[in-house]
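Asks: Shown below is the structure under consideration.
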Amino acid sequence: MYETSKNSVLEMTKKYHTKHGRYIIKLPNPFKFNSHQRFREMCESLDHDDSVEFDLRHVTSIDSSALGMLMLAHEYFGKDRNRLFLSHIHTNVKSVFDVARMDVLYTMH
């Protein structure tokens, strides 16, 4: 099942990946404050104990509001790094994540 939002350059989508047993939310580019409402709706449509992967393959830059959204998602999903994943991270986004210590909150691959 896909849910999409067309308010960004690329759509934000959510689907369940049975092989990995988790939901995958593909984030749009740009991933900024204007994505907040849809991001929140997608997270809140899931249970607090679901396993979630945020796919950043289209995200080429990230701002402080996007970091805040990911931190709020970490809180929402129970602060369990073993169920929260960030994937397909561009090099420049990875450097921001390194400074923000996102590897403490999420499994990154």
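Asks: Give the carbon-plus-sulfur fraction of the accessible surface of the chain in %, rounded to a whole number; probe 1.4 Å, heavy atoms of protein chains only.
Replies: Carbon-and-sulfur percentage of accessible area, whole number: 51.
Asks: For the stretch 36-81, place one equal point scatterer on every Cα, skip the solvent, and apply the Debye formula. What is log10 of I(q)/I(0) at q = 0.17, 0.21, 0.32 Å⁻¹?
Replies: After summing over all Cα pairs, the log10 values are -0.49, -0.75, -1.36.
Asks: What figure, in Å² to the nearest 10, do you get for the accessible area of THR91 with a 1.4 Å probe and non-protein molecules left out?
Replies: Roughly 120 Å² of THR91 is accessible to a 1.4 Å probe.
Asks: What are the extents of the Cα atoms of the stretch 48-109 along their three principal axes, listed from largest to smallest and rounded to whole Å?
Replies: 30, 19, 17
Asks: How high is the relative contact order of the stretch 17-109? Use alpha-carbon pairs under 8 Å, at least six apart in sequence, and give a whole percent.
Replies: Relative contact order here is 30 percent.
Asks: With a point put 7 Å past each Cα toward its Cβ, work out how far SER95 is from SER65 in nm, to one decimal.
Replies: For the pair SER95/SER65, the computed spacing is 2.4 nm.
Asks: At q = 0.10, 0.13, 0.16 Å⁻¹, work out log10 I(q)/I(0) for the chain with the Debye formula, treating every Cα as an identical point scatterer and leaving solvent out; two decimals please.
Replies: Each listed q corresponds, in turn, to -0.23, -0.41, -0.64.
The values are calculated or read from the model by the stated rules, or taken from the named source; none is laboratory data. Fair warning: this is a prediction, and the values are worked out from it, not measured in the lab. As a convention, Cβ positions derive from the backbone with ideal geometry for all residues, glycine included, and neighbour counts pool all protein chains shown. Just so you know, the surface numbers come from the protein's heavy atoms only, side chains and all, with ligands and any DNA or RNA stripped out. Shrake-Rupley method; radii C 1.70, N 1.55, O 1.52, S 1.80 Å.
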